[in-house]
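Enquirer: Just passing along the structure, written as structure tokens.
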Amino acid sequence: MPPHRVPGLSSMASRLSLFDSQKQIVIGNPLLSEQVFRQITMDSQVIGWVGLKKERQTMSPTDISFLKRQSRAFYMIGAIVLMMAVVISVIFSRHLTSPVRKIAEGTKAIRSRRFDKRITVVSNDELGQLAEDFNAMAQTLQSYENVRRQWLTDIAHELRTPLAVLRGEIEALQDGIREINSQTIDSLHAEVMALSKIVNDLSLIAKTESGIIEMKHTPVNPVQVIEGVIQRFKARFDDRQINIRTDFQNYDSMIILGDVDKLTQVFSNIFENTMRYTASPGTLTVGSKATKDHIKIVVEDTGPGVAEESLNRLFDRLYRTDSARTREKGGSGLGLSICKSIIEAHQGKIWAENAESGGLRIRIQLPRHKSTSRKLSSAALLMICNSSLWLRH
């Protein structure tokens, strides 16, 4: 007979089903997945199965109402959390993008050569540090730009004077006001030489600072270079009534790796500067001392000195302590700048300070040749060995 439900059974009985040993439906619900089974055994053999349909749990109206209220509460909480997340993200995005936008604006200003642009960021995070670095970079670029403009102005001023003199003398010759003679030619030649010296000095500074100048580094004693320069300037110093004093210590051990010609130019420029500005009668003192790692040289005159605010600028290009000085006295303002470039090319340092005597003191520090001490030690050891052999004999 096909499976069918027996009418009139109780609710419990209506949930029962009968299956054979192979779980083939005999009577009741044929869906196996909806039922729980128990075996029917006889003589220890399974002869059938009884299935009980799983009862579906029905929810009460109270539970349904509770679930609805909970669902509405969850939806409201989710909406509030979403709105808060949006507000917080907007605030944080503005906090993050505002410094970036300011830095972008500053970068555009730098690209337009407006180096006075500064960024104000009140934060201690990485963006704040980036803003501080940007401001430092802008300050450095502004300083370089000011120096560049001042240098171009000074160069134009320095070149304008000899060119104006040349133009005036040539026009005077053209108009017949002056005659062409040896004196006129010598005057023109002097102006051309002054102009050539300025151009050569500027070229030397540019090559030295760019590192393309040719330096012949050989073991050299700077004291010997100084003595040679003193001999060249001695007659001129005597004419100016400037007495020269020397105090050279550790003479034989003062060996450096340097270029003799460039060092000669350094001391020539320093002595030329001393001869221009030292009052007559005066005294020039030159001293040297060797330490373990450095050679120290001091050049000091008897004055007048230099204002304290001008000491750090003495080695700037085209700088003069008195802007009203004439070219005959003040030169081109490139001598000490060339000295600084050459000394730094020798891995040394040069600076100026006011002396107790009221004059100007220039200090030079150069690295000592490392093999010098080793050579001296070897020579000393050789002398000891020779002395020992001599005593034995």
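Enquirer: Once you put a point 7 Å from the Cα of Asp125 and another 7 Å from the Cα of Thr246, both along the Cβ direction, what distance in nm separates them?
Expert: Result for the modelled spin labels: 6.8 nm.
Enquirer: While we're looking at this one, here's another question. What does the convex hull of the Cα atoms come to per residue for the range 218-374, in Å³?
Expert: With only Cα atoms used, the range 218-374 gives 106 Å³ per residue.
Enquirer: Compute the distance from the alpha-carbon center of the range 227-274 to that of the range 59-111, in whole Å.
Expert: 78
Enquirer: Another question, if that's okay. If you line up the Cα atoms of the range 71-213 on their principal axes, what length do they span on each, largest first, in Å?
Expert: That works out to 114, 35, 20 Å along the principal axes.
Enquirer: Longer than 19 Å from Cα to Cα, which of Lys197/Lys262; Lys23/Lys53; Lys262/Lys292; Lys234/Lys296 are they? Say none if no pair is. Please report the intermediate quantities before stating the final value.
Expert: Details: Lys197/Lys262 16 Å; Lys23/Lys53 14 Å; Lys262/Lys292 24 Å; Lys234/Lys296 23 Å.
Listed pairs above 19 Å: Lys262/Lys292; Lys234/Lys296.
Enquirer: What spacing in nm lies between the two simple spin-label points modelled at Asn181 and Ala235, each 7 Å away from Cα in the Cβ direction?
Expert: 2.7
Enquirer: Now for a separate question. Given 0.36 nm per residue, what is the gain on full extension from Glu145 to Ile88 after removing their alpha carbon distance, in nm?
Expert: 16.2 nm is the gain from fully extending Glu145 to Ile88.
Enquirer: Pulled fully out, how much extra length does the chain show between Ser14 and Arg38, if you take 0.36 nm times their separation in residues and subtract their Cα-Cα distance? Before the final figure, lay out each step's value.
Expert: Details: separation 24, 0.36 × 24 = 8.64 nm, distance 1.63 nm.
Difference between extended and current length: 7.0 nm.
Enquirer: Counting only Cα, what are the radius of gyration and maximum Cα-Cα distance Dmax of the range 11-53, in Å?
Expert: Values for the range 11-53 (Cα only, Rg and Dmax): 10.0, 32 Å.
Enquirer: What's the extension gain from Ser112 to Ile80 if we count 0.36 nm per residue and subtract their Cα-Cα distance? Mind showing how you got there, number by number?
Expert: Details: separation 32, 0.36 × 32 = 11.52 nm, distance 4.72 nm.
Length gained, Ser112 through Ile80: 6.8 nm.
Enquirer: What fraction of the DSSP beta bridges in the range 163-316 is antiparallel, stated in percent and rounded to the nearest 5?
Expert: Details: 10 of 17 bridges.
Here the antiparallel bridges make up roughly 60 percent for the range 163-316.
Where a number appears in this text, it was derived from the coordinates with a stated rule and is not lab data. These figures come from a predicted structure and were not determined experimentally. Don't worry about glycine lacking a Cβ; one is built from the backbone with ideal geometry, like all the others, and counts go over all protein chains shown.
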